[in-house]
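This report refers to the structure that appears directly beneath it.
Each reported figure results from applying straightforward, stated rules to the coordinates on display, with no laboratory input. Values in this document were obtained by computation on a predicted structure and should not be read as measured data. Here Cβ is always computed from backbone atoms with ideal geometry, including for glycine, and neighbour counts include all displayed protein chains.
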Amino acid sequence: MDGNDAPAPRRLNFVAMAFIAIVAHLVSTELHECFHLIVGRLSGLPAHFLNLTSVGVTPSMAANARPSALALMNGVAPLATMLLGVVALFAVPRLRGRVPAAVTAFVAWCAIFAVPYIGLQTMTTALPVRLRGNGADSAAVIGGYFGVPIGARTVISVLGLLTFMASGFWLGQAVSESSTDALSRLTLKQHLRGLALWRIVTALALGLLILGMTVRGALLLACGKDGFLSLLVAIWIWGAMMTVLVRWRAPGAREVRDEWIFPGLLASLGILAIGLLTRLDDFLTSATIFVIPLLATAWVLTGASPRSE
């Protein structure tokens, strides 16, 4: 062996990765709710679990509680989750090779959950304001406590959608190994050069559809109607567009697909099953978008391929 060759990183099998992804998702979710619980109690509110994905107070307590206490209970947990996601993202490269592979994978999946959560949580800003803890945290704080009008909140929600879409471009260091880092990354021109015409046309059509669904969702939210589903549909279409654009046989993209996206899809089925059993919409929603950011990650990490697709 060449003395300059580093040992190949130890990889977990498909099922183990999926199991760790589910655990990381559940731990991240419940840690978020524990932040709500602890901050609520410290603020003098008798906060308790309303269900597995919601911590709050009774309607009568919310009606008589200090607005600042409700704002703290609703607002600190999202900020903590966002911060932990960023910390996890930067921690993964430093953990890789120094701790058991399962630990590194767990931290990486926490980042894959929490970094896109920054955009998802921001997307909920224009949802109806519910102060007791059973609604969207961003809407409760920005709309309920600070009184930001619905028009401005709608703009924030759209920015959240864009942030979610962009999050996949930031996850590379959470999933890439040293071998991937050594690849020659493609420029935008190289990504598109040699790509089949049907792919480019399909991607353009999906891009226009994303724009249409975003505008529709924004108009509905600005009118006080339910436009959040349209923003979610835009996320799903974004996933389809990235799937079409990625050169899946190229180095880097193939690695992300086999070692992260496929286990993530299996984990999504597990999260979906939990959502169906518990009848919790939060799990059902997260299960359908859990892997989508990794499609953009695969696009970013695509290395030069010996042949175009």
GNM on the chain, C-alpha springs below 10 Å: top fluctuator among Val201, Val27, Val148? Val201
Sorting check: for 33-45, 131-143, which peptide has the highest mean count of neighbouring beta carbons within 10 Å, and how do the rest follow? 131-143, 33-45
Go ahead and estimate [θ] at 222 nm for the chain from helices alone: -39,500 (n - 2.57) per DSSP H run with n ≥ 4, summed, over the residue count, rounded to 500. -21000 deg cm²/dmol
What shape does the chain have by the C-alpha gyration tensor, where a ≥ b ≥ c are the square roots of the eigenvalues, rounded means a/c under 1.5, and otherwise prolate means a/b greater than b/c and oblate the rest? oblate
Please order Tyr117, Tyr145 by the number of other Cβ within 10 Å, starting at the fewest. Tyr145, Tyr117
Could you work out which residue, out of Arg130, Arg216, Arg279, moves most in a Gaussian network model of the chain, that is, has the largest mean-square fluctuation with Cα springs under 10 Å? Arg279
Can you list which of the DSSP-assigned H helices in the chain have a Cα extent of 30 Å or more along the long axis and an average Kyte-Doolittle score of at least -1.0? 14-42, 67-95, 101-123, 197-222
Most fluctuating residue given options Phe14, Phe106, Phe228, as computed from a GNM of the chain linking Cα atoms under 10 Å: Phe14
Selection from Pro78, Ile112, Thr124, by position along the positive dipole direction of the chain (Cβ): Thr124
